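To start, the structure under review is shown below, and the notes come after it.
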Amino acid sequence: SIVKLRLTIAFIIILFLTLFSPYLSNIFFMESITPRVFWVALFGSIFTQIYAQSTEVLRLLFKPYKYILIIFFKTITTCTFIIFLILVFDLGIYGYFLGSLISCILVSLLGWYAIRRYLRFDILNLNLWPDLIKFGYPLFVSTIINYLMSTSDRLFIKYFFDSKELAIFAIAAKFSMIASLTVATFRTAWSPIAMKEMNKSGGENLFQTISRIYMGCSCVLIICLTYFSPFLIRLLTTSAYTESAP
């Protein structure tokens with residue numbers, strides 16, 4: 001039911017965005033972007049959602065090897081197609097989105113095959129949609145807010161300062177992603193276990209123990225990254241970005 005609801009909403013959004021693509025490109029990019037780029041990018045986002053939901057099911061079923069295999073396959077195929085289309089066919093930004101779309105289609109098919117016992121297309125189950133929409137609406141709003149928060153900072157820096165400050169900010173943000181990667185890995189592994197254990201006897205003790213371990217390891221990682229940040233900046237970037245270490 002979630003797959004069918006996602007696909008339905010996605011096609012409605014694609015139709016709307018395609019109709020207004022000339023206006024959107026002028027507003028957000030201040031230049032004309034061809035409709036085919038919009039189409040490829042939008043369809044790529046649909047198949048990204050399909051692939052992501054497939055991996056989410058595998059994660060909740062405690063099947064880490066299939067989960068990791070599909071994500072690894074997605075990474076390899078995306079890089080391969082993008083590099084091939086840009087370097088061989090010289091398709092530029094269109095090649096980037098087209099390569100991502102092709103990879104997402106292949107991985108979505110692989111993901112659907114991996115969770116095939118949970119998929120049925122002969123029944124719509126429309127009666128479940130109201131509850132899904134009611135539950136998902138607040139999450140949709142929070143996702144939009146988080147997206148605005150994660151992208152608006154660069155716009156503000158570019159507007160109030162200059163490109164140099166933006167570049168320094170980008171380097172610092174990339175290094176902070178090392179910590180974010182660790183957090184994301186922990187959350188990916190922990191959330192299925194948490195959902196299973198939260199209502200069991202002694203579940204609160206497990207949460208308290210894991211929270212202490214999580215906070216302790218996170219603080220140690222942050223301190224280490226902070227201590228070695230000047231060395232890492234000098235090692236991996238040029239002298240123009242040394243100001244990003246603090």
Pop the C-beta distance of K200 and L61 into the FRET formula with R0 = 25 Å and round what comes out to the nearest 0.05. 0.85
Taking a ≥ b ≥ c as the square roots of the Cα gyration tensor eigenvalues, with a/c under 1.5 meaning rounded and otherwise prolate when a/b beats b/c, else oblate, which class fits region 50-91? prolate
Are there DSSP H segments in the chain that both extend 18 Å or more along their axis (alpha-carbon positions) and score a mean Kyte-Doolittle hydropathy of at least -1.0? List them, or say none. 2-19, 35-60, 64-87, 92-114, 129-160, 163-197, 203-236
For region 23-164, compute the orientation-averaged projected area of the C-alpha convex hull (one quarter of its surface), in nm². 12.3
Alpha-carbon spread of the chain, three principal axes, descending order, Å: 60, 56, 35
Given a cut-off of under 8 Å on Cα pairs at least six residues apart, what relative contact order in percent is computed for the chain? 17
Excluding ligands, DNA and RNA, the carbon-plus-sulfur percentage of the accessible area of region 62-187 with a 1.4 Å probe reads 74
Using the crude model of +1 on Lys and Arg Cβ and -1 on Asp and Glu Cβ, and no other charge, please compute the dipole size for region 114-246 relative to its Cα centre, in debye to 20. 380
Full-stretch length increase - L132, F169 - with 0.36 nm per residue and alpha-carbon distance subtracted: 9.4 nm
At 0.36 nm per residue, minus the direct Cα-Cα distance, what do R212 and L225 gain on full extension? Give it in nm, one decimal, please. 2.7 nm
Which of S45, S103 is most accessible, then next, and so on - probe 1.4 Å: S45, S103
Rg/Rh for region 109-246, where both radii come from Cα atoms and Rh is the Kirkwood radius: 1.10
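I'd like the GluC sites (Glu not before Pro) in region 143-204 restricted to DSSP loop residues with at most 14 other Cβ atoms within 10 Å, sorted by number.
Numbers: sites: E165, E197, E204; in loops: none.
Qualifying residues, ordered by number: none.
Just list whichever of K74/K200; K174/K200; K66/K174; K4/K66; K63/K134; K66/K200 have alpha carbons separated by over 31 Å in the model shown.
From K74/K200; K174/K200; K66/K174; K4/K66; K63/K134; K66/K200, over 31 Å: K74/K200; K174/K200.
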Taking the Cα centre as origin and putting +1 on Lys and Arg beta-carbons and -1 on Asp and Glu beta-carbons, what dipole magnitude results for the chain, to the nearest 20 debye? 740
Once you keep just the Cα pairs under 8 angstrom separated by 6 or more residues, what percentage relative contact order results for region 48-175? 22
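The values are calculated or read from the model by the stated rules, or taken from the named source; none is laboratory data. Computed from a prediction, not measured in an experiment: that's the story for all the values here. All Cβ positions, glycine included, derive from the backbone under ideal geometry; neighbour counts span all protein chains shown. What goes into the accessible areas is simple: the full protein's heavy atoms, side chains included, and nothing from ligands, DNA or RNA. Shrake-Rupley method; radii C 1.70, N 1.55, O 1.52, S 1.80 Å.
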